[in-house]
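Chemist: Encoded as structure tokens, here's the structure I'll be asking about.
The values are calculated or read from the model by the stated rules, or taken from the named source; none is laboratory data. Nothing here was measured: the structure is a model prediction, and the numbers come from that model. Neighbour counts are summed over all protein chains in view; Cβ atoms, including those assigned to glycine, are modelled from backbone coordinates with ideal geometry.
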6 protein chains.
Amino acid sequence: MQLHLSTWAEVETYLKTSKGIIMPIGSTEQHGPNGLVGTDAICAEFIAKGVGDATGALVGPTIPVGMAVHHMEFPGSMTLKPSTLIAVLRDYVGSLAEHGFQRFFFVNGHGGNIATLRAAFYEIYAENRALRGRDAPDLRCTLVNWWENGEVGRLSRELYQGREGSHATPSEVSVTQYAYPDSIKSAAMEPEQAPAGGFYDARDFRRRHPDGRIGSAPGLARPEHGQRLYEAAVGAISAQYRAYLAEQ
Amino acid sequence: MQLHLSTWAEVETYLKTSKGIIMPIGSTEQHGPNGLVGTDAICAEFIAKGVGDATGALVGPTIPVGMAVHHMEFPGSMTLKPSTLIAVLRDYVGSLAEHGFQRFFFVNGHGGNIATLRAAFYEIYAENRALRGRDAPDLRCTLVNWWENGEVGRLSRELYQGREGSHATPSEVSVTQYAYPDSIKSAAMEPEQAPAGGFYDARDFRRRHPDGRIGSAPGLARPEHGQRLYEAAVGAISAQYRAYLAEQ
Amino acid sequence: MQLHLSTWAEVETYLKTSKGIIMPIGSTEQHGPNGLVGTDAICAEFIAKGVGDATGALVGPTIPVGMAVHHMEFPGSMTLKPSTLIAVLRDYVGSLAEHGFQRFFFVNGHGGNIATLRAAFYEIYAENRALRGRDAPDLRCTLVNWWENGEVGRLSRELYQGREGSHATPSEVSVTQYAYPDSIKSAAMEPEQAPAGGFYDARDFRRRHPDGRIGSAPGLARPEHGQRLYEAAVGAISAQYRAYLAEQ
Amino acid sequence: MQLHLSTWAEVETYLKTSKGIIMPIGSTEQHGPNGLVGTDAICAEFIAKGVGDATGALVGPTIPVGMAVHHMEFPGSMTLKPSTLIAVLRDYVGSLAEHGFQRFFFVNGHGGNIATLRAAFYEIYAENRALRGRDAPDLRCTLVNWWENGEVGRLSRELYQGREGSHATPSEVSVTQYAYPDSIKSAAMEPEQAPAGGFYDARDFRRRHPDGRIGSAPGLARPEHGQRLYEAAVGAISAQYRAYLAEQ
Amino acid sequence: MQLHLSTWAEVETYLKTSKGIIMPIGSTEQHGPNGLVGTDAICAEFIAKGVGDATGALVGPTIPVGMAVHHMEFPGSMTLKPSTLIAVLRDYVGSLAEHGFQRFFFVNGHGGNIATLRAAFYEIYAENRALRGRDAPDLRCTLVNWWENGEVGRLSRELYQGREGSHATPSEVSVTQYAYPDSIKSAAMEPEQAPAGGFYDARDFRRRHPDGRIGSAPGLARPEHGQRLYEAAVGAISAQYRAYLAEQ
Amino acid sequence: MQLHLSTWAEVETYLKTSKGIIMPIGSTEQHGPNGLVGTDAICAEFIAKGVGDATGALVGPTIPVGMAVHHMEFPGSMTLKPSTLIAVLRDYVGSLAEHGFQRFFFVNGHGGNIATLRAAFYEIYAENRALRGRDAPDLRCTLVNWWENGEVGRLSRELYQGREGSHATPSEVSVTQYAYPDSIKSAAMEPEQAPAGGFYDARDFRRRHPDGRIGSAPGLARPEHGQRLYEAAVGAISAQYRAYLAEQ
Ligand code: NI
Ligand code: NI
Ligand code: NI
Ligand code: NI
Ligand code: NI
Ligand code: NI
């Protein structure tokens, strides 16, 4: 059930049986020679919808632009400053909490969002406590990264055998190819697998990783891989969501 | 051309011939008994893509949650505070300006966003001037509301004959029915056309407009109207975009 | 009754019979060759006082500096960033709401303030709701632009016959001449009526409108026009204020 | 020379011979049984204009609402939070610095503003340095309290002989009586001279000082005292302003 | 009793008999040729601990970096912007108020902090009132500068006979020599006593006071002076703290 | 070399050979029945000083209060909101960058700080880029948690054999016992090892972990363990710091 495709009366009915909502969050940033700028948002949105279908959970609107300060040397990358993203998350959760939502399950598509998301959860808890005191609702925020579960990990290792890397990976490119088969790109890549390594700011990132990839061989991506990865992710995350709701 | 479905290299190429980008902005808020919570975001995104296709312009990611403080008494509505939305717009435009974009054409789906968008444009100009001084790039932001043009206005009058209203209108519901035919809702509405009238805050809105509509008869919405409205909007706004780019 | 010329005990007495207050807001910005930098603040303050006298309403302190980012290429112009003006309005209304004021009627002298004022109203409603919940007072903010009513419009058309323009207009200059007859300026203007047209940021404004006027012929201003315009505005706005207070 | 009564061209001319500007700042707060809510703004504005006339300095718009958190238990009092006032001062000085002003001489009417003004000066210096680096203009901000100089002190002691007190003083009430002779108030006060003493927050202030006065006997105020105090203040502060401009 | 060296259960016990806490605040900034960068933090922390020992009061963590915008032309100086320091103080006091602390006694080591501290107190009172309304706890904040009391003043005059000055003073250097005898520095100073004088921003400070001292002769500092000054300060401030707690 | 115990001239000299600085950051929060409220700040400060001594690096002032929103149900806990801590870190790094520091090595004592620290690094990079553009200095921020290295991990497993847990651990309590032998606390604990488990906000934390420990048996702490852990941490982190400085 998607919030954007529901009426307010349907949401009112949903709230009678669940206080949970799934919140996809992605990023708008370079993803190497053949990856889409929207890769992280597409993966988060697509998988979150699958989880919503599998579990009956309501799925909120995707946050399309995340924290991508380090990608800003590549055209098309967009970023919220961490402080802005915290404000956005505070307003999202705060809005939904007014209606009675209490369990916020973020499906995240971008490693760069993790720290800011976690910081935001505490900003939210602090504001909830300041505004409502001992009567504050029992808000609980959590995040899962779609690629961090046993099922997706096993499949990625099987499919790419050490060439997954950490940015512009064949896994995430495959998922976007499955989701948007009309937007599959091909691009020469040299070397086939990019070198691994860390980075500091945006200039440093581009200096170390000139075509945008880190440790990955996204030329291996295939839409049929994407389907398998999608299904693995939906299965794993649906179980995580159910366990989360069942927590005392 | 959609930013999310492009590679960074394609964006780099695009920037060689255009400094313009189309930015859809919607809202996540109640739209009466049969309107979708995502109506404004869906309309803005759908029409913006059509304009992008017609003009060759790049279309950025949709801002799905806007300024809807006054809708917060209806379940499912979400809002950014105006100050948060200003920060988001500042970061969006600021990010894109780093790559050389200079013409920001917002296609807006929600009347409640207009004031904050316009305020944000000046926040952006002020920051651009403060940071870059006399060498600041010539940034220009503008907005069009998809329903405010002669073509759409004529069609709405023809189709609804005074029952369009101002919120949860048959026009916007029709566009969403055309965009998402699997999500057409039916709901009893009494009276068929809601009373018109203003409002102040969220409680006042709900007191005056208890089912969420203002002056409208959205039971008249039809997907085939949506197609005609969509085509009218794309035609009119494509012309507006071209004129905007041609401005000295 | 002016807040600045009252004691706190007089305000306490006033609050027993009215929850309304009139808030003048102007700007400090260039107004062409013969217009005063304080034009918008002077008009708003002067007319607001007249409305207060006519209706018995309390008139608060004038906000002298508004949102004038686009005028900053002309010496003497001052501006608050939109985010600052929102904070100021939030504090003004929040202060007065502590005493029991609930109806905030802004008399505005500057078109550039409108978007930020409207954005601020929702920031105020959101904060009121967040802090006080269902027990929040029923705050209502509205704005009128002193020149936007039938009476002033008719008189302006009669007096200037299409040479009013939209910035540094003969109407507003006339009102300041009536209010401050010792500060009437004369200046050569070429052409007599400036070209009309839009603008983006401050540099763009000055490039397009090099002497600061837009579409206007302020050389036509006369203090006796100012008196007639003032009286028309006070009459019209007094009626608007009374209707506003009477609203359910 | 008042900024509000000048044209932009006159300001441009002024800047050829001076980089200095006088900035009045007051407050909107209770001033005891017979003091006006606008006392501090009136005194600052009135004396600042006198200093402008005496020295030829440009006088900017009065900041009418200052930092008066501690007065909020008395109807009619208004306050900016310190953080808001800092933002306002930063925007005021920042705006004027764009035109070339470098010497900001605040004439202050309210003790409660002093700490925030001084904090703001460093916020301004920090931002100036961050934005412009080693090329930043040499901005200098200072403040004088109109009552803190030998001339006014001597006169107050002569006139009130230990009954001046520290809030709602006969001196400041006298100045407003001279400035606004039509708004002279009379009120019974018991005791004639209020007890002195400190305070913490607004509730504590009202608990300790129930009619709003601190240590003062404002029933002694007379408009003719106001004239003498005004003249003393203008003389003393004009000398301070000249010395300030002459500083290396 | 130091908060950092206590368990939470000990704090719980403490709160049964006292609502008071001592909060040291210093600065990290140049202190002339032989003064330590941490001088102000060291003095505040050291003396605050002494006061805690003498009075049984709980002593919170030292704020080591204060408002030192004007020292930024000297290597090693650090500063919080005034707006940041206000936020820090608001969070410190807000945290402790959640546990029931109501009396916040800041022992300050740096003149540059005074204005921002005082501004912050009102930010705190305003937030307390906004969040908790009439039921807000009776929070009271105050500050003492360790050198501003009769005992320390007399001793400084006796020891330095007019060569104390106002920055990088022999008194404060002596206290740090007593606190950290292994970190006593020697440096040539020419002249022995620096010239006095004011300053505006950081560049202006360095231009006027090139080695960082103002009016002082810190070559006179001795650890045994430090001991006497420390004891005088502890005695005087302990009495101030007791009087503060006893205030109605 | 400690910044607080150096003169500005010594810092100037240091900067001729190194652009690196070590920044300890802790927290002020409950640490179970026998742990000190200052545990995390004490560990970070103590170990950072050791690393400074071992490597010759300059050590900045400890940030004593971190992000501990989840500990606020225990008396004595203090927290900065994440947004405040970001502002503090931005000001710290920004101040030091003005003097030429470019390598910021945070030694962290508190798991709850990690997300906000990482978010802050990107806030800092974004501001550096916005203010200085392509000429921005090459700032690099990193963090190490003192307990996350092979040496400390091995020793903890040897000493506590699965009873380390994740909050109020015997390791951190031991380090504080070594650092402050006069403040060793004893307290009955039931059970000896607390249950493990996650948490959401502060109320949830206390509900799940009523005496403040998570999975730990801090009754096992001994000062002589503390010495060994300290030495292991200093050794490991000194190597990490040297490697960090050597990075290209
Ligand atoms: Ni990705
Ligand atoms: Ni709509
Ligand atoms: Ni105007
Ligand atoms: Ni006063
Ligand atoms: Ni000092
Ligand atoms: Ni710990």
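Chemist: Determine whether residue C:73 is over 21 Å from residue C:121 (Cα atoms), outside any strand (DSSP E or B) and away from ligand 6 (no atom under 16 Å from the Cβ). Quick ask: steps written out before the conclusion?
Modeler: On the way: over 21 Å from residue C:121 (Cα atoms): yes; outside any strand (DSSP E or B): yes; away from ligand 6 (no atom under 16 Å from the Cβ): yes.
When the stated conditions are applied, residue C:73 passes them.
Chemist: Of all residues in region A:101-119, which are of a type in the set (S, T, N, Q) and more than 9 Å from chain F (Cβ to nearest Cβ)? Let's see the steps before the verdict.
Modeler: Within region A:101-119, the subset of a type in the set (S, T, N, Q) is A:102, A:108, A:113, A:116.
Correct list: A:102, A:108, A:113.
Chemist: Residues of region F:1-44 being free of Cβ contacts under 8 Å to residues at least 24 places away in the same chain and assigned to a loop (DSSP other than H, G, I, E, B), which ones?
Modeler: F:7, F:16, F:17
Chemist: Further, regarding this structure: Please pick out the residue among B:178, B:200 that is surrounded by 19 or more Cβ atoms within 10 Å (Cβ to Cβ), at pLDDT 95 or above and not in a helix (DSSP H, G or I). Before the answer, list the steps.
Modeler: Numbers: B:178 fails: not in a helix (DSSP H, G or I).
Being surrounded by 19 or more Cβ atoms within 10 Å (Cβ to Cβ), at pLDDT 95 or above and not in a helix (DSSP H, G or I) holds for just one of B:178, B:200, which is B:200.
Chemist: While we're on this one: Taking region C:116-139 only, how many residues are in contact (Cβ under 8 Å) with a residue 40 or more places away in the chain and under 22 Å from the mean Cα position of the chain (by Cα)?
Modeler: First, pick out the residues of region C:116-139 that are in contact (Cβ under 8 Å) with a residue 40 or more places away in the chain: C:116-117, C:137, C:139.
Keeping just the survivors that are under 22 Å from the mean Cα position of the chain (by Cα) gives C:116-117, C:139.
The qualifying residues number 3.
Chemist: Mind checking which residues of region B:32-50 are facing chain A (nearest Cβ under 7 Å) and either modelled with pLDDT under 95 or surrounded by 24 or more Cβ atoms within 10 Å (Cβ to Cβ) (or both)? Break it down into steps so the answer makes sense when it comes.
Modeler: Pass one, region B:32-50, residues facing chain A (nearest Cβ under 7 Å): B:33-38, B:41-42.
Result: B:35, B:36, B:37, B:38, B:41, B:42.
Chemist: Another question, then. Among the residues of region B:62-103 satisfying the criterion of being over 20 Å from residue A:63 (Cα atoms) and hydrophobic (A, V, I, L, M, F, W, C), which is farthest from ligand 4 (Cβ to nearest atom)?
Modeler: Only one residue tops the list, namely B:101.
Every residue, every condition in (1) under 28 Å from residue A:113 (Cβ atoms); (2) more than 16 Å from ligand 5 (Cβ to nearest atom); (3) touching a helix residue (DSSP H, G or I) at 6+ places or on another chain (Cβ under 9 Å); (4) of a type in the set (Gly, Ala, Ser), yes or no:
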site	(1), (2), (3), (4)
F:109	yes, yes, yes, yes
F:124	yes, yes, yes, no
F:135	no, yes, no, no
F:138	yes, yes, yes, no
F:146	yes, yes, yes, no
F:170	no, yes, yes, no
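Chemist: Within region A:163-184, can one find any residue that is away from ligand 1 (no atom under 16 Å from the Cβ), over 30 Å from residue F:72 (Cα atoms) and at the interface with another protein chain (Cβ under 9 Å from one of its Cβ atoms)? Reasoning before the result, please.
Modeler: Residues of region A:163-184 that are away from ligand 1 (no atom under 16 Å from the Cβ), as a first pass: A:181-182, A:184.
After this cut, where a residue has to be over 30 Å from residue F:72 (Cα atoms) as well, the list is A:181-182, A:184.
Filter once more, so that each one left must be at the interface with another protein chain (Cβ under 9 Å from one of its Cβ atoms): A:182.
Yes, that holds for at least one residue.
Chemist: Among the residues of region A:4-31, write down those that are of a type in the set (Gly, Ala, Ser), at the interface with chain B (Cβ under 8 Å from one of its Cβ atoms) and within 16 Å of ligand 1 (Cβ to nearest atom).
Modeler: Narrowing region A:4-31 to residues of a type in the set (Gly, Ala, Ser): A:6, A:9, A:18, A:20, A:26-27.
Add one more test, that the residue is at the interface with chain B (Cβ under 8 Å from one of its Cβ atoms), and what stays is A:6, A:9.
None - no residue of region A:4-31 is of a type in the set (Gly, Ala, Ser), at the interface with chain B (Cβ under 8 Å from one of its Cβ atoms) and within 16 Å of ligand 1 (Cβ to nearest atom), so the list stays empty.
Chemist: Further question: Quick one: count up the residues across region D:133-168 that are among the charged types (D, E, K, R) and either surrounded by fewer than 17 Cβ atoms within 10 Å (Cβ to Cβ) or within 16 Å of ligand 6 (Cβ to nearest atom) (or both). First the steps, then the outcome.
Modeler: Filtering region D:133-168 for residues among the charged types (D, E, K, R) gives D:134-135, D:138, D:140, D:148, D:151, D:154, D:157-158, D:163-164.
Cutting the leftovers down to either surrounded by fewer than 17 Cβ atoms within 10 Å (Cβ to Cβ) or within 16 Å of ligand 6 (Cβ to nearest atom) (or both) gives us D:134-135, D:138, D:148, D:154, D:157-158.
Number of matching residues: 7.
Chemist: Can we say residue C:107 is part of a loop (DSSP other than H, G, I, E, B) and modelled with pLDDT of 95 or more?
Modeler: Numbers: part of a loop (DSSP other than H, G, I, E, B): no; modelled with pLDDT of 95 or more: yes.
So residue C:107 does not fit the description; no.
Chemist: Working carefully through the options E:120, E:130, E:115, find the one that is buried (at least 23 other Cβ atoms within 10 Å of the Cβ) and in a helix (DSSP H, G or I).
Modeler: Exactly one of E:120, E:130, E:115 is buried (at least 23 other Cβ atoms within 10 Å of the Cβ) and in a helix (DSSP H, G or I), namely E:120.
Chemist: Still on this model: Could you list, in sequence order, the residues of region F:89-100 that are surrounded by 24 or more Cβ atoms within 10 Å (Cβ to Cβ) and either within 14 Å of chain A (Cβ to nearest Cβ) or charged (D, E, K, R) (or both)?
Modeler: Filtering region F:89-100 for residues surrounded by 24 or more Cβ atoms within 10 Å (Cβ to Cβ) gives F:89, F:92-93, F:95-96.
Those that are surrounded by 24 or more Cβ atoms within 10 Å (Cβ to Cβ) and either within 14 Å of chain A (Cβ to nearest Cβ) or charged (D, E, K, R) (or both): F:89, F:93.
Chemist: Return a yes/no flag: does region B:80-91 have any residue that is closer than 30 Å to residue B:205 by Cβ and in contact with a strand residue (DSSP E or B) (Cβ under 6 Å, 6 or more places away or on another chain). Talk me through it step by step, then tell me what you get.
Modeler: As a first pass, look at region B:80-91 and keep what is closer than 30 Å to residue B:205 by Cβ: B:80-91.
Restricting the remaining residues to those that are in contact with a strand residue (DSSP E or B) (Cβ under 6 Å, 6 or more places away or on another chain) gives none.
No.
Chemist: Yes or no: residue B:168 in contact (Cβ under 8 Å) with a residue 12 or more places away in the chain and out of contact with any Cys (no Cβ under 6 Å at 6 or more places or on another chain)? Outline the logic, then answer.
Modeler: Working: in contact (Cβ under 8 Å) with a residue 12 or more places away in the chain: yes; out of contact with any Cys (no Cβ under 6 Å at 6 or more places or on another chain): yes.
Here the answer is yes, as residue B:168 does meet what is asked.
Chemist: Conditions: (1) free of Cβ contacts under 8 Å to residues at least 60 places away in the same chain; (2) surrounded by fewer than 24 Cβ atoms within 10 Å (Cβ to Cβ); (3) in a loop (DSSP other than H, G, I, E, B). Residue E:65 meets all but one. Number of the miss?
Modeler: (2)
Chemist: Scan region D:89-114 and report the pairs whose first residue is touching a residue at least 24 places away in the same chain (Cβ under 8 Å) and closer than 22 Å to residue C:85 by Cα and whose second residue is buried (at least 24 other Cβ atoms within 10 Å of the Cβ) and aromatic (Phe, Trp, Tyr), with Cβ atoms within less than 6 Å and a gap of 6+ or a chain change.
Modeler: As it stands, the answer is D:93/D:104, since those pairs meet every condition given.
Chemist: Something else now. Quick check on my filter: what residues within region D:208-243 are small (Gly, Ala, Ser), assigned to a helix (DSSP H, G or I) and within 14 Å of chain C (Cβ to nearest Cβ)? Steps first, answer last, please.
Modeler: From region D:208-243, those small (Gly, Ala, Ser) are D:212, D:215-217, D:219, D:221, D:226, D:232-233, D:235-236, D:238-239, D:243; that's our starting set.
After this cut, where a residue has to be assigned to a helix (DSSP H, G or I) as well, the list is D:219, D:226, D:232-233, D:235-236, D:238-239, D:243.
Scanning region D:208-243 gives a single hit, D:219.
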